[in-house]
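*Asks:* Starting off with a structure, shown below.
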Amino acid sequence: LPTARSVPARPTAFTFDPGTVALLVIDMQRDFLLPGGFGESLGNDVALLQAVVEPLAALIAAARAADVPVIHTREGHLPDLSDCPPAKLLRGNPSQRIGDPGRFGRILIRGEYGHDIVDELAPVAGEVVIDKPGKGAFYATELSEVLARDGIETLLVTGVTTEVCVHTTVREANDRGYRCLVVSDCVGSYFPEFQRVGLDMIAAQGGIFGWVADSAAVVTALT
Ligand code: C5J
């Protein structure tokens, strides 16, 4: 039987059983990360998100080596936009909205180049990829069923952006009874203050939404 692992974390040490943990990699998509993509076209500095790729690649490698399931998500919509609520579709400047033509294909549309995951973090055969229409990974997806099927109780949460899709997913997971450890250098925001405060909000009040640790500590615990 696998033995429990402990990670130095905020607000307290985080323990997990390697047999019931999964690594969740949220929305590491070209449209959010690549120069010229949707995120940059909105005026964001993608370097802040790019910095996540190297530590996250190492964490994914450690998870795969430890037989910890890696679950990827992608935010996006069907080509006919039937799964995109008008309130989301009409957000932002006309011509830079979901479904409009972007440098890497139609913005956040499934099947387009920009919608897919960056090459460095590409899923390998057998890994689950959850396509989600919302910010949270549980809303209108099969994630709950996948986690129940695999007996997952604890999530190591990574990806972008910290205050949007990572936060929404951690909050959804928390309410569904999952324990979440957010990996501080493997989540990224276009806004440094949102990164800092976003992480603080997870661990505040005795870990109101979960725990926070850096990837070096998590890799050590997985190895
Ligand atoms: C955003 C995301 N920021 N994946 N998406 O719109 O966080």
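*Asks:* Can you name every residue in the stretch 120-131 that is open to solvent by 60 Å² or more (accessible area, probe 1.4 Å), of a type in the set (A, V, I, L, M) and touching a residue at least 40 places away in the same chain (Cβ under 8 Å)?
*Replies:* VAL124, the sole residue that qualifies.
*Asks:* Hey, could you check the stretch 1-25 for residues that are touching a Phe, Trp or Tyr at 6+ places or on another chain (Cβ under 6 Å) and not aromatic (Phe, Trp, Tyr) and say which is least open to solvent (accessible area, probe 1.4 Å)?
*Replies:* The selected residue is VAL7.
*Asks:* How do the strands (runs of 3 or more DSSP E) wholly within the stretch 117-223 filter down when requiring 1 or more residues that are polar (S, T, N, Q) and within 15 Å of the ligand (Cβ to nearest atom): which remain?
*Replies:* By residue number, 154-160.
*Asks:* I'd like the full set of residues that are open to solvent by less than 40 Å² (accessible area, probe 1.4 Å), under 12 Å from the mean Cα position of the chain (by Cα) and not polar (S, T, N, Q), limited to the stretch 155-172.
*Replies:* LEU155, LEU156, VAL157, GLY159, VAL160, CYS165, VAL166, HIS167, VAL170
*Asks:* If you don't mind, there's one more thing I want to ask. Could you identify the single residue in ILE117, ILE109, ILE152 that is open to solvent by less than 20 Å² (accessible area, probe 1.4 Å), under 22 Å from ILE60 (Cβ atoms), over 16 Å from the mean Cα position of the chain (by Cα) and of a type in the set (A, V, I, L, M)?
*Replies:* ILE152
*Asks:* For the stretch 2-44, which positions are of a type in the set (Gly, Ala, Ser) and away from the ligand (no atom under 16 Å from the Cβ)?
*Replies:* ALA4, SER6, ALA9, ALA13, GLY19, ALA22, GLY36
*Asks:* If I filter the stretch 67-84 down to residues being away from the ligand (no atom under 16 Å from the Cβ) and touching an Asp or Glu at 6+ places or on another chain (Cβ under 8 Å), which single residue comes out as nearest to PHE104 (Cα to Cα)?
*Replies:* Result: VAL70.
*Asks:* Continuing with this model, one more query. Out of the stretch 134-150, which residues are of a type outside the set (Gly, Ala, Ser) and in contact with a strand residue (DSSP E or B) (Cβ under 6 Å, 6 or more places away or on another chain)?
*Replies:* THR141, LEU143, VAL146, listed by residue number.
*Asks:* Would you check if THR220 is over 28 Å from GLY99 (Cβ atoms), of a type in the set (Ser, Thr, Tyr) and open to solvent by 10 Å² or more (accessible area, probe 1.4 Å)?
*Replies:* Yes: the conditions hold for THR220.
*Asks:* Only one of ARG64, ARG97 is surrounded by fewer than 21 Cβ atoms within 10 Å (Cβ to Cβ) and more than 16 Å from the ligand (Cβ to nearest atom); which?
*Replies:* Testing whether each residue is surrounded by fewer than 21 Cβ atoms within 10 Å (Cβ to Cβ) and more than 16 Å from the ligand (Cβ to nearest atom) leaves just ARG64.
The values are calculated or read from the model by the stated rules, or taken from the named source; none is laboratory data. From a predicted model like this one, the values you see are computed outputs, not experimental measurements. For neighbour counting, all protein chains shown are included, and Cβ atoms are generated from backbone atoms with ideal geometry for every residue, glycine included. Note: areas computed on protein heavy atoms with side chains; ligands, DNA, RNA excluded. Shrake-Rupley method; radii C 1.70, N 1.55, O 1.52, S 1.80 Å.
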